[in-house]
Amino acid sequence: YCQRLFTRLAGISPRSFLRSLSLERAKAALATGASVLDAALDAGMSGPGRLHDAFVTFEAVTPGEFRARGAGLTLRWGVADAPYGPCLVVASERGIVGLGFPSDPAAALTDMTAPFAAATLVEHPAHAAALVQRIFQPGSRDAEPLAVHAVGTPFQMQVWQALVRIPPGALASYEMVARAIGRPNAARAVGTAIGANPIAFLIPCHRVIRATGVFGGYRWGPEVKTALIGVEAAAA
């Protein structure tokens, strides 16, 4: 029963999942991650782009929108079940502004919506459930890509756009991401920007690990990061 349940939720068997978590596999994926980022840069993808399967469009808020702090904006939010635990999702009319797997949804909601202090918050569980289904059930994806509407500093945007170019199954180190954005000595600042990512999974900060192959920390807990990496690695 446990094996059937795991396979249904993760899409792979527990044995395949465990094989994908080995240190040697992580080191090999790091090497692949370097070539993936290099190829993306060579293809001229240094600006806002899409995930490799065109499932997500990435857009930053404008300076004017940032100054307005969400004035006149309505944010719908809710918590819905996802394969990796209860998922909090916050969305405006223009796209998803927050996504995570918090143990304390109320605190996470306050943190995610801080840049939109003047916005109106509306709890909408049905809308959240529909978004979560589209995000985590590939069979539910339609021709219309999900929009991500991110808010951050110019440096954070550079880092998050680099993350979007790492496909499922590939991994990159903090140093690789720093080199990809033309800041080879800014690995520590890159780590801080990755930790501030408000939109988990869709901006895949879980695909960045330490150069040694150790997975490292994660805003939503090491268990969630381990599950995300293992599932994507086995599927790839």
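When nucleic acids and ligands are ignored and a 1.4 Å probe is applied, Leu109 ends up with an accessible area of around 20 Å². Under conditions of 25 °C and 0.890 mPa s, the stretch 131-236 yields 170 µm² s⁻¹ as its translational diffusion coefficient, taking Rh as the Kirkwood radius over Cα pairs in the Stokes-Einstein equation.
Just need the relative contact order of the stretch 119-236 here, percent rounded to a whole number, with Cα pairs under 8 Å and 6+ apart.
Numbers: 104 pairs, mean separation 28.0, N = 118.
Dividing the mean separation by the residue count of the stretch 119-236 yields 24 percent.
A 1.4 Å probe run over the chain, with the rest of the protein chains in place, finds 48 Å² accessible per residue. Within the accessible surface of the stretch 161-232, defined with a 1.4 Å probe on protein heavy atoms only, the carbon and sulfur portion equals 56 percent.
The fraction of all Cα pairs in the chain landing in successive 10 Å bins from 0 to the largest distance is 8, 32, 38, 19, 3, 0, given as whole percents. Averaging 1/r across all pairs of distinct Cα atoms in the stretch 60-106 and inverting the result yields a Kirkwood radius of 12.0 Å.
The rule of thumb for compact globular proteins, 2.2 N^0.38 Å, goes into the C-alpha radius of gyration of the stretch 73-174 1.11 times.
Relative to the compact-globule scaling 2.2 N^0.38 Å, provide the ratio for the alpha-carbon radius of gyration of the stretch 164-223. Walk me through the intermediate numbers first.
Numbers: Rg = 10.8 Å, N = 60, 2.2 N^0.38 = 10.4 Å.
For the stretch 164-223, the normalised Cα radius of gyration is 1.03.
Restricting the calculation to Cα atoms, the stretch 79-130 shows an Rg/Rh of 0.93 when the hydrodynamic-style radius is the Kirkwood one. Normalised by the number of residues in the chain, the average gap of Cα pairs under 8 Å and 6 or more apart makes the relative contact order 27 percent.
With springs connecting C-alpha atoms under 10 Å apart, model the chain as a Gaussian network and identify which of Arg219, Arg67, Arg210 has the largest mean-square fluctuation. Its mean-square fluctuation being the largest, the pick is Arg67.
Taking 0.36 nm per intervening residue step and subtracting the Cα-Cα distance, what contour gain separates Arg4 from Asp38 on full extension?
Working: separation 34, 0.36 × 34 = 12.24 nm, distance 3.90 nm.
That pair, Arg4 and Asp38, stretches by 8.3 nm at full extension.
The values are calculated or read from the model by the stated rules, or taken from the named source; none is laboratory data. Small disclaimer: the values here were computed from a predicted structure and weren't measured. Quick note on the areas: whole protein, heavy atoms, side chains included, nothing else; ligands and nucleic acids left out. Shrake-Rupley method; radii C 1.70, N 1.55, O 1.52, S 1.80 Å.
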